[in-house]
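First the structure, in the form of structure tokens, and then the observations on it.
The values are calculated or read from the model by the stated rules, or taken from the named source; none is laboratory data. The structure presented is a predicted model; accordingly, all values stated were derived computationally and were not measured. Counting neighbours? That spans all protein chains shown, and the Cβs are built from the backbone with ideal geometry, glycine included.
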Amino acid sequence: MLRKLAATLLLAALAVAWSQPAPTRAVIAQGVDIETMDPTFASSTATWNVLHHVFEPLMLRDADMNLQPVLALSWESVDELTWEFKLREGVSFHSGAPFNAEAVKFTLERMFSPNVTTIHRAVRDIPLDHVEVVDDYTVRIVTKTPTVLMPHFLRTVLILDPTVYGSNEPVIDRASGTGPYTFASWVRDSGVELRANADYWNGAPAIDQLLFRPIPENSTRVAELLTGAVDLIVNVPPDDLPQIETARTRSLISQGGRDVFIGLRADKAPFDDVRVRQAVNYAVDRQAINDAILGGYGELYGSVVMPPNNAPEVEPYPYDPERAKALLTEAGVPRGLEITLQTPNGRYLKDVEAAQAVAAYLNQVGFNAKVEVLEWSVFSDAWLNKKTKEMFLLGLGGWFDGQGELTWLRDVTSNTGWINEEFESGFQRLATTFDLDERAALIQDLDRLAFEEAPWLFLWRQPSLYGASNRLNWDPRRDEYIFLWGASIDQ
Amino acid sequence: MLRMLVSRLGQGVIVVVLVTLFVFLTTFLTGDPAGLMLGEGATQEQIQAFRQRMGFDRPLVTQYGSFLVRAVRGDLGVSLYFQQSNMQLFAERLPATLQLAFLSLALGTALAIPAGLIAGARRNTWIDSLVTNAALVGQAAPVFWVGSLAIMVFAVMLGWLPASGRGTPAHLVLPTLTLALFPLAYNTRLIRSSTLEVLGQDYVRTARAKGLPYYVVLFKHVLRNAIGPALTVIGIQLGTFVGGSVITETVFAWPGVGRLAIQAILTKDFPLLQTIVAFLAVGFVLVNVLVDVAYSLVDPRVRY
């Protein structure tokens, strides 16, 4: 009798287990672990990739890099110093607490508190004065100076649950946002586990579980993809791409959102002469270098501003060594002039190889160019303190609004010593212009001016190279982020 | 003995202070962390403001002094990058490192002792040249290469073992074998040469002359005397391994102290780096004291 009962129970249990499909799971391998689970203190892309699944901003860029509403439904600038946001109703945090204007105010005030030490971008970008709660679902952000790009700045401000983040200390052992995934666990340097949020306001995501693992070594990430232990890997070295074209795995490439360039020190000879800056742009066969070291995956550019805001007619400088030589002769640059090109090692895709190739092309038009390879912290210090030699290789990324990219050209950001009055006054005007049409025209004018003035030797937009299992249905983005709530995985 | 311990520990304190000072100065020689932390795209004004807020603009002596004062009170501060307690960050990663260090050193040594002893005892035979050459190759092979090769063969091609990470006993196999290779090779050669030295001693001849079986002579008389020099080296190896085997930990994505240290160096997170270095220096000093104690246990002639 008992045996029969036990057998029946076992069968019943098996039937229940059989009828429930196993949860779907995707494992993502990044190069580094997250530094925190608390958005107020986050700074690296690896961390943002994880946090965006658990927390949400007021607005976010879509695949075409246009801002789309998330927790905010709409926004407008009320006056030069005030932005007003209408918020989404009926959204709850994972703890059950409601999302409302108070939560937005709380999030910004915690981030800007003098008792909080954070390197969060928004803290340095937004000149915050105060936040006003108009009603439960309307909030106003008042700034000290006009902040035209406020919506763009706010896309990195992930809204916190005031019932969980009451202290100024980082909260890392739990998390409560409004996002499509909830936090399950974080084992340092081993990985972060997330679970699908069945109650997500925009519908539960297709993949039930996500594990973000840090695997620092490139070849190990590739190996883990090939063994099937991992479904998505970042930063695949271009040479390894053919290896991951298998029956079970594939490579994914997205056009980059990072302008890789060689900064020309316009505050010293010979690059204080615009003809010399143009000459080096004509002297280098970018396409050949791109083909040889990046497998052709880099995207050449002449326009620093990313699409869709760029001046469309601006094409990359063509390879024309004769014209380069003529310009150098005209500028009176002596043959065999020694110049040094400094580059970090491994900060950007194939940075050292790129610098060496560029130097070789410069030598063909009469320079005596040397490459100096520096460890990133040493390079960074020289660069920030303007102690670089005549040329340095760098990559800047993260902006897709036009103004952000133009900031990179300015001496205060890229430290090239290039200060052009026309550009500076145009930029100041742009920074205080709210009218969208006027802004678009201004951005294109400045984009053209920068091309003519050539404060950089423009190289390419760094591609993002991924490896993915064929089970995973996901498309890479231009801004290097990995968002998986729209992705799915085949069983 | 007690006097030796007290004096060694006293020296240890001085070592730790000097090491942290050295690390502090070298970290700051290449500039402060403000620019690195804010990354590309921050303006000079923003960096300057951050520098002031974090106190990086204070004189180096003041900065180091305040670190030291707090450290003595048991407060090792907060990591600049993680914004978490340095102690906690270090403690979270120590078990993984210790596990790997002890296992691989134990494995390497356990195999090195018989290998070295046999090679020494069978000098100039095929077995000796096999062991010596294998040891030479093992010592010369870069850990990075061995690790990557092991992953390709055992994880990707054969699918027997996981390629990286920590969790199950299977995860331990590849990193332990990779890390064990160096102490195995090095200690084998060391024990072989000290075996040769001991074999030529009078007391070995006496032992054999009085009719003791060869294996008794080898394992009782020779081994005990040959292992002395190896002890010092094993102690140093343990000290080094406890510091995190940076390359092995990186190749196998092992969540240990070595990776944390690398990250602290790359981000110039000096409070974290100081903490790691201080603990490792303490560990190194303690291991050395233990080696001295062990010495007196194996060799009765050594007395403190």
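Some notes on this structure:
- Hits in segment B:13-70 (condition: at pLDDT below 80, among the polar types (S, T, N, Q) and within 24 Å of A:GLY397 (Cβ to Cβ)): B:THR43, B:GLN44, B:GLN46
- Some residue of segment A:237-248 being part of a helix (DSSP H, G or I), among the hydroxyl-bearing types (Ser, Thr, Tyr) and farther than 30 Å from B:ALA261 by Cβ: no
- Taken over segment A:332-361, the residue count meeting the criterion of being crowded, with 17+ Cβ neighbours inside 10 Å and either without any contact (Cβ under 8 Å) to a residue 12 or more places away in the chain or not in a helix (DSSP H, G or I) (or both) is 10.
- In summary, no strands (runs of 3 or more DSSP E) completely within segment A:42-99 bear 1 or more residues that are under 17 Å from the mean Cα position of the chain (by Cα) and among the aromatic types (Phe, Trp, Tyr).
- Matching residues in segment B:16-53 - criterion: being more than 7 Å from every other protein chain (Cβ to nearest Cβ) and in contact (Cβ under 8 Å) with a residue 24 or more places away in the chain: B:VAL16, B:VAL17, B:VAL19, B:THR20, B:LEU21, B:VAL23, B:PHE24, B:LEU25, B:THR27, B:PHE28, B:ASP32, B:PRO33
- Cβ-Cβ under 8 Å pairs, at least 6 apart or on other chains, segment A:396-417 side within 8 Å of chain B (Cβ to nearest Cβ), far side part of a loop (DSSP other than H, G, I, E, B) and of a type in the set (Lys, Arg): A:ASN415/A:LYS386
- Residue in segment B:252-267 that is away from chain A (no Cβ under 14 Å) and either out of contact with any Lys or Arg (no Cβ under 8 Å at 6 or more places or on another chain) or small (Gly, Ala, Ser) (or both) present: no
- Residue in segment A:219-244 that is surrounded by the fewest Cβ atoms within 10 Å (Cβ to Cβ), counting only those that are at pLDDT below 95 and among the acidic types (Asp, Glu): A:ASP239
- The set of residues from segment B:1-56 being surrounded by 13 or more Cβ atoms within 10 Å (Cβ to Cβ) and at positive phi comprises B:GLY31, B:GLY39, B:GLY41.
- Every condition in (1) away from every other protein chain (no Cβ under 14 Å); (2) surrounded by 24 or more Cβ atoms within 10 Å (Cβ to Cβ) is met by B:TYR215 except one, and the failing one is (2).
- Exactly one residue out of A:ALA204, A:ALA198, A:ALA229 is more than 12 Å from every other protein chain (Cβ to nearest Cβ) and touching a residue at least 12 places away in the same chain (Cβ under 8 Å), and it is A:ALA204.
- Selection count where residues are modelled with pLDDT under 95 and either crowded, with 23+ Cβ neighbours inside 10 Å or among the aromatic types (Phe, Trp, Tyr) (or both), scope segment A:169-178: 0
- Residue in segment B:171-179 that is modelled with pLDDT of 85 or more, surrounded by fewer than 19 Cβ atoms within 10 Å (Cβ to Cβ) and within 27 Å of B:LEU130 (Cβ to Cβ) present: yes
- Checking A:SER190 against (1) within 13 Å of chain B (Cβ to nearest Cβ); (2) at pLDDT 95 or above, the condition it does not meet: (2)
- Picking from residues in segment A:362-381 that are closer than 22 Å to A:ALA454 by Cα and either surrounded by fewer than 20 Cβ atoms within 10 Å (Cβ to Cβ) or in contact with a Pro (Cβ under 8 Å, 6 or more places away or on another chain) (or both), the one that is farthest from the other protein chains (Cβ to nearest Cβ) is A:GLY366.
- In this structure, A:THR329 does not satisfy being β-branched (Val, Ile, Thr), farther than 30 Å from A:ASN66 by Cα, within 26 Å of the chain's Cα centre (by Cα) and outside any loop (DSSP other than H, G, I, E, B).
Residue-by-condition table, conditions (1) at pLDDT below 90; (2) surrounded by fewer than 19 Cβ atoms within 10 Å (Cβ to Cβ):
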{"residue": "B:GLY165", "(1), (2)": "no, no"}
{"residue": "B:ALA185", "(1), (2)": "no, no"}
{"residue": "B:ASP202", "(1), (2)": "yes, yes"}
{"residue": "B:ALA209", "(1), (2)": "yes, yes"}
{"residue": "B:ALA226", "(1), (2)": "yes, no"}
{"residue": "B:LEU231", "(1), (2)": "yes, yes"}
{"residue": "B:THR240", "(1), (2)": "yes, yes"}
{"residue": "B:VAL246", "(1), (2)": "yes, yes"}
{"residue": "B:TRP254", "(1), (2)": "no, no"}
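- One residue stands out in segment B:70-99 among those that are within 14 Å of another protein chain (Cβ to nearest Cβ), of a type outside the set (S, T, N, Q) and under 17 Å from the mean Cα position of the chain (by Cα): the one that is nearest to B:ASP269 (Cα to Cα), namely B:PHE90.
- Answer from A:TYR181, A:TYR200 - the residue that is among the hydroxyl-bearing types (Ser, Thr, Tyr) and surrounded by fewer than 22 Cβ atoms within 10 Å (Cβ to Cβ): A:TYR200
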